[in-house]
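Comments concern the structure below.
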Amino acid sequence: MTGSYHILKGQNSETMQNKFNFKSLYSYAIQEDVKSLLYVLDTLPDTELNGEEILIKEKYYRRFRTQDEVYEYNTADKLIKDMTDIYTNYWKSVLLKQKSVAEADTVLINNLKNYLLENSGGGNYRDNTEINSDPLKYFSGLLTGKGYFCNVEGKTGNLYDIYIWRTQDTTDFNVDLPDENIRVSVIFMKDIITLGWEEYATFGYHYPGGWPKDSVLYCVAKAYNTSEEKFTVSYLTHEAQHFQDIKKYEEIPSWHFEYRAKLAELSRADETMYKLLAAFIRGAKNDSTLSHPYAEYCVIRDLSKKIFGDEFVSDTGKWESVDIELINRSSAELLRYDTSLLILKKD
């Protein structure tokens, strides 16, 4: 699933005095590697952590090591609670490297089928053939039939995901992309029940801020103030670029979509420019199976070559010495060059 990448504010990591930066800790989670995250936590004695950090450490141990936390479901609906348990067990098996993604996917689909088959009697439930052929679509239909809104049929990164919310409303926006102006409809998702594995793996610190689907954009309403650059650039420009790319070009890998959208962000960013670059540097990983981390790696790599003539500049101080307009212009040029290499969809 393509989508903008929300980072929750208010966590104290900017001012931590110890050597380990908790923003880097969350990067392990987004790189689908909570196993390594736990190893890092093991090296951090409580005597060197503040109260908030100790709490985060304890939460990770209870969720991913002893697995004895009391999970808050944000709903009393038994169907959603039971299915959430199936998904969280699946996520943990991948994040803790207990199974390969392919093995875990097979277990997840089988568990979804078995649960739905065992609970398919009466009401509006349909025949078992439909469950066996596409349990994700069937589950989506169940949620819609019960009055929920959802996105449960795709993946975020390498993991099947589950997004469920209760209410929504729609607003139209004009968006200036590097080479065109478009008008898009944004559906603001509200009364959220679950925001998927990234929220689960980071205790709400990270989660997708939205995504394009069909002819509209979806947005997690609580993540944004629509008057701030975080929304106008990091959400709206980012998602509008996805929207146009999906519509115009032959299929490209998910990391490539993210690469183009992040360049579009940087072509428009002003007050958030250096924070964006710092976040991209923290999250970057040279692994094309990880859509956001690899896109961030490619963005910093290509901008480093263009602006500094170096392979990969990770020193945020060097980036802060570069004029914002030069970064805007360089990002737009990289995006235009990349566009010249893409294949347009046939009518």
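The values are calculated or read from the model by the stated rules, or taken from the named source; none is laboratory data. Keep in mind that what you see is a predicted model, and the values were worked out from it rather than measured. When we count neighbours, we look across all protein chains shown, and the Cβ atoms used for this are built from the backbone with ideal geometry, even at glycine.
So which of Tyr60, Tyr26 is more than 30 Å from Ser120 (Cβ to Cβ), at pLDDT 95 or above and not assigned by TED's automatic domain parsing to the domain that holds Trp197? Before you say what the answer is, go through the steps one by one.
Numbers: Tyr26 fails: at pLDDT 95 or above.
After applying the criteria, what remains is Tyr60.
For the stretch 54-112, a tally of residues being of a type in the set (A, V, I, L, M) and more than 20 Å from Asp134 (Cα to Cα) returns 8.
Any residue in the stretch 127-149 that is on the phi < 0 side of the Ramachandran plot sitting within a Cβ distance under 7 Å of a residue that is charged (D, E, K, R) and surrounded by 12 or more Cβ atoms within 10 Å (Cβ to Cβ)? List the pairs, counting only those 6 or more apart or interchain. Short answer, once both residue conditions are applied: Ile131/Lys113; Asn132/Lys113; Pro135/Lys113; Leu136/Glu153; Lys137/Glu153; Tyr138/Glu130; Ser140/Glu153; Tyr148/Arg166.
Quick check: anything in the stretch 171-178 more than 20 Å from the chain's Cα centre (by Cα), among the charged types (D, E, K, R) and closer than 23 Å to Leu276 by Cα? Yes, that holds for at least one residue. Of all residues in the stretch 199-227, exactly one satisfies the criterion of being assigned to a loop (DSSP other than H, G, I, E, B) and of a type in the set (A, V, I, L, M, F, W, C), namely Phe203.
Please go through the stretch 330-347 and give me each residue that is of a type outside the set (S, T, N, Q) and either exposed (fewer than 13 other Cβ atoms within 10 Å of the Cβ) or not in a helix (DSSP H, G or I) (or both), ordered by number.
Taking the stretch 330-347 as the starting set, the residues that turn out to be of a type outside the set (S, T, N, Q) are 332-338, 341-347.
Within the stretch 330-347, Tyr337, Leu341, Leu342, Ile343, Leu344, Lys345, Lys346, Asp347 qualify.
For Ser314, state whether it is touching a Ser or Thr at 6+ places or on another chain (Cβ under 9 Å) and in contact (Cβ under 8 Å) with a residue 40 or more places away in the chain. Answer is no for this residue. Can you confirm whether Ile252 is surrounded by fewer than 20 Cβ atoms within 10 Å (Cβ to Cβ), closer than 21 Å to Asp176 by Cβ and under 19 Å from the mean Cα position of the chain (by Cα)? When the stated conditions are applied, Ile252 does not pass them. Would you confirm, using the coordinates I've provided, whether Glu198 is buried (at least 20 other Cβ atoms within 10 Å of the Cβ) and acidic (Asp, Glu)? Yes. For the stretch 230-249, a residue qualifies if it is buried (at least 22 other Cβ atoms within 10 Å of the Cβ) and among the aromatic types (Phe, Trp, Tyr), and the qualifying residues are Tyr235, Phe243.
Of the candidates Arg329, Arg282, Arg301, Arg336, the single residue that is at pLDDT 95 or above, under 30 Å from Leu159 (Cα atoms) and among the basic types (Lys, Arg) is Arg301.
Would you point out the residue of the stretch 308-329, among those that are within 13 Å of Leu263 (Cβ to Cβ) and of a type outside the set (S, T, N, Q), that is surrounded by the fewest Cβ atoms within 10 Å (Cβ to Cβ)?
Keep residues of the stretch 308-329 that are within 13 Å of Leu263 (Cβ to Cβ), which gives 327-329.
Checking which are of a type outside the set (S, T, N, Q) leaves us with 327, 329.
On the way: Ile327: 21, Arg329: 15.
Once the filter is applied, the top-ranked residue is Arg329.
Against the conditions (1) farther than 18 Å from Ala279 by Cα; (2) without any contact (Cβ under 8 Å) to a residue 24 or more places away in the chain; (3) of a type outside the set (Ser, Thr, Tyr), Pro212 satisfies every one except (2).
Identify, please: which residue in the stretch 228-246 is part of a helix (DSSP H, G or I) and acidic (Asp, Glu) and is, among those, nearest to Lys275 (Cα to Cα)? Taking the candidates together, the pick is Glu229.
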